[in-house]
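Every read-out reported here was derived from the displayed coordinates using simple, explicitly stated rules and does not represent laboratory data. Remember, it's a predicted structure, so these values are computed and weren't measured experimentally. Note that we place each Cβ from the backbone using ideal geometry, even for glycine, and neighbour counts take in every protein chain shown.
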Amino acid sequence: MRIGVLCPSNIALRRFMPALVQVDGLEYAGVAIASASEWQSAAGQTEYADVVAVQESLAQEFVNGYGGEVYDGYTTLIEDADVDAVYVPLPPALHYAWARRALEAGKHVLVEKPFTTEIAQTEALLDLAEARGLAVHENYMFAFHSQIAWVQDCISRGELGDVRLIRVDFGFPFRGQNDFRYSRELGGGALLDAGGYALKLAAMLLGSDARVTTACLSGGRKLDVDLYGSASLANGEGSVAQVAFGMDNDYRCNIDVWGSKATLTSGRILTAPEGFAPTMTIRCNGEAVDHMLEPDDAFRKSIEHFMKCIDSPEVAGLRRSEILEQARLVEAVRLLDVNGS
């Protein structure tokens, strides 16, 4: 199975490639640089001549580190009969068009989060993948880190007692106006970026019947995107989760599960890098016990799950359902946003 990378992005170079070379049965084919006709820029974005120079420089780093071919154009890579799968790390607004092109060409597709920027687009891609018998995967890699399973197990075995409240906070400082996250045209906004992480984890802990009950999105800096927000979710048993997120915030990446017997807290719950050993703290009436967990490589495990989707129609079907549920949660936040952002 050979996979190509659609754009020499930083996340592809820093995170995807080191993980890819550790995955059995998946071979790196090469990276594609957008042709002039393929470059879809938003108002005020860098001209193509400047963009292609940056892409060529990054592509050379791929070659230096991992070999592979440099494709002249995304279409050239997608139409290569020797490429079986495509990784799409483009800005979110471009996910739908290029994932669709790849599926129509018979390729399995691994898409960076969010899968698309609109629920109708997500539904269309999932229907197309199912009809063509192809695998699709949304790369929320944190979900595959062993610390998430540890938290789920801690809750299910009753160590915290009855869960009264789950809280997930994820935010980071302003990254500069030229970052795609702050461009509506490129699919920016805190909800689609940091908010998607928080919503997904909350739903994983609440269960498949989790629903959004309240939401608020806010802007700032004279930018046409939401910069921070919050939402509440609940399940059929009445358990509640509160999430807060932002991309003009002091850095936070915390989980707090408050139970009738004890409270679990931890940091780096969504962003633990390879080699990082998470610490889970359980407090009971003022006494705290730290649990040091083993390091894990969530990005590698996410790619391995993509391979399972390719190998198993059943796993692929479950993954499509999970992608759709995530899109529904994001859409619910938009619909319930009290500010109408």
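Tabulated values for the structure
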read-out	value
Relative contact order (%) - criterion: Cα under 8 Å, at least six apart; region: the stretch 2-138	25 percent
Rg/Rh ratio calculated on Cα atoms of the chain (Kirkwood radius)	0.97
Residue order, fewest to most beta carbons within 10 Å, for ASP50, ASP256	ASP50, ASP256
Estimated distance in nm for a label pair at ARG328 and GLN60, the labels positioned 7 Å out from Cα along Cα-to-Cβ	5.0 nm
Taking all pairs of distinct alpha-carbon atoms in the stretch 2-138, Kirkwood radius in angstrom	15.1 Å
Linear extension gain, SER37 paired with GLU159, 0.36 nm per residue minus alpha-carbon span	38.2 nm
Antiparallel DSSP beta bridges within the chain, percent to nearest 5	60 percent
For the chain, built as a Gaussian network whose Cα springs stay under 10 Å, the top-fluctuating residue of MET307, MET204, MET141	MET204
Whole-angstrom gap from the stretch 108-138 to the stretch 256-290, using each part's C-alpha centre	34 Å
Choice from PHE174, PHE144, PHE299 with maximal GNM fluctuation in the chain (Cα, 10 Å cutoff)	PHE174
Helical segments meeting 30 Å axial Cα length and Kyte-Doolittle -1.0 threshold in the chain (DSSP H)	313-336
About the Cα centre, charge dipole magnitude for the stretch 2-138 (Lys/Arg +1, Asp/Glu -1 at Cβ), debye	260 debye
Spin-label zone in the stretch 179-194 - amide nitrogen under 14 Å from a point set 7 Å from the Cα of ASP224 along the C-beta vector	182-189
Chain lengthening between GLN152 and MET292 when straightened (0.36 nm per residue, less Cα-Cα)	48.8 nm
Cα-based reach from LYS308 at 16 Å (exclusive), listing aspartates and glutamates while leaving out same-chain residues under 8 positions away	ASP24, GLU27, ASP84, GLU130, GLU138, GLU322
Extended-chain gain in nm, criterion 0.36 nm per residue less alpha-carbon gap, LEU335 and ARG175	54.9 nm
Least to most buried among ILE148, ILE255 (fewest other Cβ within 10 Å first)	ILE148, ILE255
Most fluctuating residue given options ASN235, ASN249, ASN285, as computed from a GNM of the chain linking Cα atoms under 10 Å	ASN285
Label-to-label distance, nm, for residues given as ALA120 and CYS284 (7 Å Cα→Cβ offset)	5.3 nm
